[in-house]
Amino acid sequence: MVSQMRYSLANTIPHIIKIPPKKRTCVVLLCILQISVSTVIPAGMFKMACHDRHFWLNVQSQFLGQTTRLGFEDSSGVHYLPIERAAECGYGIGYSAAGDLVVRASFLACHVNSKLGQKGAEFWLRVHVVNEDADSREVVYPLLLSCPLFQAWNPREVVCEEGYMEVSVTWWLPHNNHLNREEDVRPPEEDGLSQGQVAFHVPHQTSVEAMSVRQAHLQGYRINAMGDRLVMRCLYSSPLSYVLQVPDHGIEVEAVSATVFYQRQKIPLLANLSVACPLSRAMVDGEHLSWTFPQILSPLVQGWFRDKGVRMGVGASLLSECQILERGYEIGLRHHLVEIRIPFGAEGGFIKSNIVDHSYSQSFSVDLFFIHQWEEGHWGVTQHRSFRSLNTTYVPRRLVLINNTIPGQGMFSVTFGVFSPEVSLRSVAVRGEAPLSWAQARKSGLRVSLMPFANGSHAYQIQVPFTHPQVFLEYIGGGYRRHILEMVLSLDILPSNVAFFHHATVVCDSQDAVLPRLEGKCTDKGVLVLLHYGNLGSKWEMYIDGRRMDWEVVKLGGYVVNLEEEEYFSVELSMYSLGVVYENISLQGLKIRVEASVVNVDSEIVEHTLVQQCTFPVWEFLLCLPEGRAVAVVDTSRTTPPVKPNRTALLDLSCRPSAADGTRALFNFSLDSCGTKTWRGITWSMRMKWCTWRELPGPSHSSTGTPTLVFPAYRLILQCRYLVNSSITIHHLPTAFPSSTSNHTHGSPGYLWSKKPPSGRAQRSVLQQRMADGSVKMSLPMVLIVGMVSIFLGILATVIWLKASCLFNS
């Protein structure tokens, strides 16, 4: 059996691990040619340090076996101690908040060897770490821990460990001491300590318990000597301990008051081996873990008292004042109470997670040690060290999501948590999408990464670009746009695989809003309106002349729409399209206006408006307005012989041109005046007007002296066609053009026929041409009827004119 084996340095192969000078530990692996002894130590398995008056050994949790045993070797063999016996011997064995096996061994513990050298005292301890796997196979890792005494012992030093209390004092050495400083110190039995007596004093008891050192050992009080130190060690709640309460604060202190009477080289001596340790536990104070204990422990102070300061450490590291400030730790003194406050989740602590009452909860733990020194009349300087694993119960916690987004980077960046190692992020779902694993999230543009911390906890960083399709965007005014990210984060607590979820909404406002913008241009065909999208998404609608743009309006209005551009779309309106307003019609040209606007769909607020005006030069045209008026410009220079424009009229000779120049006349009249003729079909009505070209009555006389009137030889028929009982205007292009002889010109409400010399060709877009062609094909029977009626009316008008001429001549 391993426990019965003996090892000697003569049969070992040393392996030395170098430790920084401030925490120098010499570790020698005691390796024997046996299968159960490991000659290879996994990297990071052990962490060793010399910490003040203690050896410090940490075994990483991932290297622990199914069961782990610890053995301590001295000249009599390897001793595997149970937990209580180990505490009595000066070993603190337990698990850290991170799950690592932690061994703290006092320099004054059992099985520790020491010697005095020229450079001072040195202590070493042989430890055997035995891992047993599931198949009961054991692997032994033998270690040799060696530490120097960095600072000389104080006259009295008290240690409050997790499982035991220890006090050591400097015992009196005769001046004629001839100890060999290179040899091990002689056991106390040789100096008469084993024959000494111990007196225990318990307050409120009249009698004093007195017994031999051997009897005290049987009751759990180990009293021995090591070097120049006299040591007493006992467990908490030992038979002769007592508890004091600090008045007005409810803090308890456990103490043992003992006096040892012994002889050293036949000289009777006594030593006060009283020890006291606070029993207060950590509390949660808001967002802090708080630990409070008395500044003055009355069982240890006799006479005057002067505080010499405190020092604090976490784990195996003593913290400097700068580190304490950086981590947010606080040490304060109030009403003779020392209070240590540690922020929940601060570096050096450890967080553990659980689901309690359907709520995510956390506990926070810190492996803390605290060194307090004071000076008082009897002992001089006393050093008091406390080792405490402070922890809280499970407290419901709000999951923290910190928004680190910088607007200019175009990406959400959030930090989620701090979580203990057993919490794992399983998936991320963005605004209703299916949950995505880490790998799937990366493919969809999301970045998920782990952020580890020094205390073993971790957080998650999640980055989502603003351009993600599920990121909601809205305009909030003032040039700001708001990006809204909604996520559902799924997490597991291992190893139980307990799942919990967190719904998060992250908002980022950036002053980079580009509003939709309307732009107008005049083309040779009409008006081009461009809507620049901006960067606020698609929650905008465009209106032209108060009509919301949709495909029905596009079709009815004869618009030409281009949606192929990425940054804008365009709508082209011809001069006769729905929504075109005619502002001014004159011989100099046609002035039109198009009004467009952009409306926020959610707020129904008009964000931008456009009024685009264009003027088009025209030579000859007919415009049939929806309100029942017609405007026509006719060219009289095309007749033979030419007729002066200002000497023309409509069928009603009183309807004269409103304007004229050298070649053209402008008529502006109501369709129910000036002798207009009306024909009605089933779905349409037509109004026809004759425009006569004539000379005004001149000054010439006949042979009889009667004034002579010259009737025109030419005329132009103007036609406007309307749909019956329809509120929607349909636009058609002309199907015929005027000539130098009698002709018909057709129009419809809003219709504009325009011709520029010398080509004499109407200007049309491709889409408009298709619409015009389609309208002619659909109404072919109607066109035939209209044509026959027109021919009949033409013949009738000719006959009437001939009869009138004959009558006049006669």
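The values are calculated or read from the model by the stated rules, or taken from the named source; none is laboratory data. Keep in mind that what you see is a predicted model, and the values were worked out from it rather than measured. Cβ: placed from backbone, ideal geometry, glycine included. Neighbour counts: every protein chain shown. Calculation scope for accessible area: heavy atoms of the full protein, side chains included, ligands and nucleic acids excluded. Shrake-Rupley method; radii C 1.70, N 1.55, O 1.52, S 1.80 Å.
Here are a few things to note about the model shown:
- Matching option when the condition is closer than 26 Å to M575 by Cα and surrounded by fewer than 22 Cβ atoms within 10 Å (Cβ to Cβ), among R647, R638: R638
- Check on I462, under 16 Å from the mean Cα position of the chain (by Cα), of a type outside the set (G, A, S) and outside any loop (DSSP other than H, G, I, E, B): yes
- Residue list for the range 537-588, filter: assigned to a strand (DSSP E or B), hydroxyl-bearing (S, T, Y) and within 25 Å of L473 (Cα to Cα): Y543, Y568, S570
- The listed residues are R311, R341, and the only one of them that is open to solvent by 70 Å² or more (accessible area, probe 1.4 Å), farther than 24 Å from Y95 by Cβ, modelled with pLDDT of 90 or more and not acidic (D, E) turns out to be R311.
- Close Cβ contacts (under 7 Å, 6 or more residues apart or on different chains) running from residues in the range 149-170 that are closer than 19 Å to S241 by Cα to residues that are acidic (D, E) and in a strand (DSSP E or B) comprise V159/E166; S168/E157.
- R264 touching a residue at least 12 places away in the same chain (Cβ under 8 Å), out of contact with any helix residue (DSSP H, G or I) (no Cβ under 7 Å at 6 or more places or on another chain) and surrounded by fewer than 21 Cβ atoms within 10 Å (Cβ to Cβ): no
- Restricting attention to the range 555-600, the residues that are surrounded by fewer than 16 Cβ atoms within 10 Å (Cβ to Cβ) and in contact with a Cys (Cβ under 8 Å, 6 or more places away or on another chain) add up to 1.
- In the range 403-430, the residues that are more than 14 Å from V507 (Cβ to Cβ) and at pLDDT below 90 form Cβ pairs under 6 Å with partners that are surrounded by fewer than 16 Cβ atoms within 10 Å (Cβ to Cβ) and of a type in the set (A, V, I, L, M, F, W, C), at six or more places apart or across chains, as follows: E422/L494.
Conditions (1) in contact with a Pro (Cβ under 7 Å, 6 or more places away or on another chain); (2) in contact (Cβ under 8 Å) with a residue 60 or more places away in the chain; (3) more than 19 Å from C720 (Cα to Cα); (4) of a type outside the set (S, T, Y), marked per residue:
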{"position": "L578", "(1), (2), (3), (4)": "no, yes, no, yes"}
{"position": "Y582", "(1), (2), (3), (4)": "no, no, no, no"}
{"position": "R593", "(1), (2), (3), (4)": "no, no, yes, yes"}
{"position": "D602", "(1), (2), (3), (4)": "no, yes, yes, yes"}
{"position": "R629", "(1), (2), (3), (4)": "no, no, no, yes"}
{"position": "R638", "(1), (2), (3), (4)": "no, yes, yes, yes"}
{"position": "A649", "(1), (2), (3), (4)": "no, no, no, yes"}
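- The strands (runs of 3 or more DSSP E) falling completely within the range 391-437 that include 1 or more residues that are open to solvent by less than 20 Å² (accessible area, probe 1.4 Å) and on the phi > 0 side of the Ramachandran plot map to 411-419.
- For the condition part of a helix (DSSP H, G or I) and either open to solvent by 50 Å² or more (accessible area, probe 1.4 Å) or under 25 Å from P42 (Cα atoms) (or both), Q62 qualifies.
- Residue that is among the basic types (K, R) and crowded, with 22+ Cβ neighbours inside 10 Å, where the choices are R137, R126, R156: R156
- The range 493-515, subset under 22 Å from V423 (Cβ atoms) and within 20 Å of the chain's Cα centre (by Cα), residue most open to solvent (accessible area, probe 1.4 Å): H503
- Flag not set for F46, criterion: touching a Pro at 6+ places or on another chain (Cβ under 7 Å), buried (at least 17 other Cβ atoms within 10 Å of the Cβ) and farther than 28 Å from V158 by Cβ.
- Looking across L518, L473, L485, one residue alone is crowded, with 17+ Cβ neighbours inside 10 Å and within 27 Å of K443 (Cα to Cα). It is L485.
- Pairs meeting the criteria (first residue in the range 497-511 and more than 18 Å from R398 (Cβ to Cβ), second residue of a type outside the set (S, T, N, Q) and open to solvent by 40 Å² or more (accessible area, probe 1.4 Å), beta carbons under 6 Å, at least 6 apart or on different chains) are V498/I355; C508/P407; D509/Y480; D509/R482; S510/P407; Q511/Y480.
- Within the range 603-622, restricting attention to residues that are buried (at least 18 other Cβ atoms within 10 Å of the Cβ) and among the aromatic types (F, W, Y), the residue that is nearest to D545 (Cα to Cα) is F616.
- Residue check for V418: out of contact with any Cys (no Cβ under 7 Å at 6 or more places or on another chain), more than 22 Å from V471 (Cα to Cα) and of a type outside the set (F, W, Y): yes
- Among the residues of the range 528-540, the one identified as touching a residue at least 40 places away in the same chain (Cβ under 8 Å) and open to solvent by 60 Å² or more (accessible area, probe 1.4 Å) is K539.
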